[in-house]
Amino acid sequence: MTDCIFCKIIAGDIPSVKVYEDDDILAFFDISQVTKGHTLVIPKNHHENVFELPEDVAATLFATVPKIASALRTTFEPTGLNILNNNGETAGQSVFHYHLHLLPRYEETGLYGSLWNETEETPDLDVLKEYATKIVNSLS
């Protein structure tokens, strides 16, 4: 889809800080960085939401998530991790390309929903690239 921001990231038309990529899956830092290491995991083929996600794509995607989550744990040493997915505008989906949020947690109070409004700063891309290198190295 030409108007999909994630499809544009996959195509390389929009820059991103990648932490994992294979033929089917891409993981990259969310530019909002709700928590340090906030990562998006997406299938490269466009599917709007979980209701449209083919089983084989879901299997590939979810088989990759523990590997990325473990690399986040190694890199950032969080005390926990939320895996978040919104499906449909009513559920809070704002980018209509299926994606999972991996949100490392560091003893913050409140539920993950309260985190979304706490961070207003855009993170330093050089710092994100340094983190990505550490994650890529821990995946090897």
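The values are calculated or read from the model by the stated rules, or taken from the named source; none is laboratory data. If you're wondering where the values come from, they're calculated on a predicted model, not measured in any experiment. With ideal geometry, Cβ positions are generated from the backbone for all residues, glycine too; neighbour counts draw on all protein chains shown.
Scan the stretch 66-91 for residues that are touching a strand residue (DSSP E or B) at 6+ places or on another chain (Cβ under 9 Å) and closer than 23 Å to K8 by Cβ and report the count.
Residues that pass the stated criteria total 4.
What number of residues in the stretch 27-84 are over 23 Å from D124 (Cα atoms), part of a loop (DSSP other than H, G, I, E, B), out of contact with any helix residue (DSSP H, G or I) (no Cβ under 9 Å at 6 or more places or on another chain) and of a type in the set (D, E, K, R)?
Residues that pass the stated criteria total 2.
Quick one: which of T39, T35, T64 is surrounded by 16 or more Cβ atoms within 10 Å (Cβ to Cβ) and at pLDDT below 95? So that I can check it myself, show each step before the final result.
Numbers: T39 fails: at pLDDT below 95; T64 fails: at pLDDT below 95.
Every option except T35 fails the conditions.
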